[in-house]
Amino acid sequence: LIKLYKNNDIVHFSSFDNHYIIFNLLFRRIFRSKTILTVYHLEKDQTNTILAKMHLYKKIFLSFDRYVAISSFSRDQLQVLGVSKNKIIISLDGVKQVAFPALFSSAKKLKYRRAPKLSEHNKEIFHQ
């Protein structure tokens, strides 16, 4: 973990890496690395509960330079925690519908005519 901060100008973590991000408060100050946190959702698990009781939970999550939220829900969770909206970028997980020939029924259920054919060399990730 020290090498990660020492050898890189930017360090990126996921909110699921909570056993690693607890060191962000210390390491980003020592090594002056910029840090980014991708947030899927903030959950109350055992580790986060312990950190909250120690008054570290909010400090840790506020210690990043930028945040990538995968939904407006995760953005809202960060803002409730006190993260400035100027530090949050929303990057929706998903693919463009044109990549998958789909039809929507009147009940709004997703139905596929056929599975898309993508060769190993032509696979692309589409963002909305």
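Just so you know, all these numbers are worked out from the coordinates, no wet-lab data involved. Since this is a predicted model, take the numbers as computed values, not measurements. Reconstructed Cβ throughout: ideal geometry from the backbone, glycine too, with neighbour counts over all protein chains shown.
With a simple spin-label model that places each label point 7 Å from the Cα along the Cα-to-Cβ direction, the separation between residue 53 and residue 84 comes to 3.4 nm. Each residue of segment 32-38 was assigned a 3J(HN,Hα) from its phi angle through the Karplus curve 6.51 cos²θ - 1.76 cosθ + 1.60 (θ = phi - 60°); the sequence is 6, 7, 7, 10, 10, 10, 8 Hz, with glycine and proline shown as x.
Using a simple spin-label model with pseudo-atoms 7 Å out from Cα toward Cβ, residue 91 and residue 30 lie 2.7 nm apart.
Summarising the label geometry, the points placed 7 Å from Cα in the beta-carbon direction at residue 4 and residue 62 lie 2.3 nm from one another. Ranked by the mean number of other Cβ atoms within 10 Å per residue, highest first, peptides 61-71, 31-41 order as 61-71, 31-41. Relative to the current alpha-carbon distance between residue 40 and residue 22, full extension at 0.36 nm per residue lengthens the span by 4.8 nm.
Summing charges over all other residues whose Cβ lies under 11 Å from the Cβ of residue 85, with Lys and Arg as +1 and Asp and Glu as -1, gives +1. Distances between placed amide hydrogens fall under 5 Å for residue 35 paired with 11, 65, 66, all partners being 5 or more residues away or on another chain.
Cross-linked pairs 6/85; 58/85; 58/87; 6/53: Cα-Cα separations exceed 26 Å for 6/85; 6/53.
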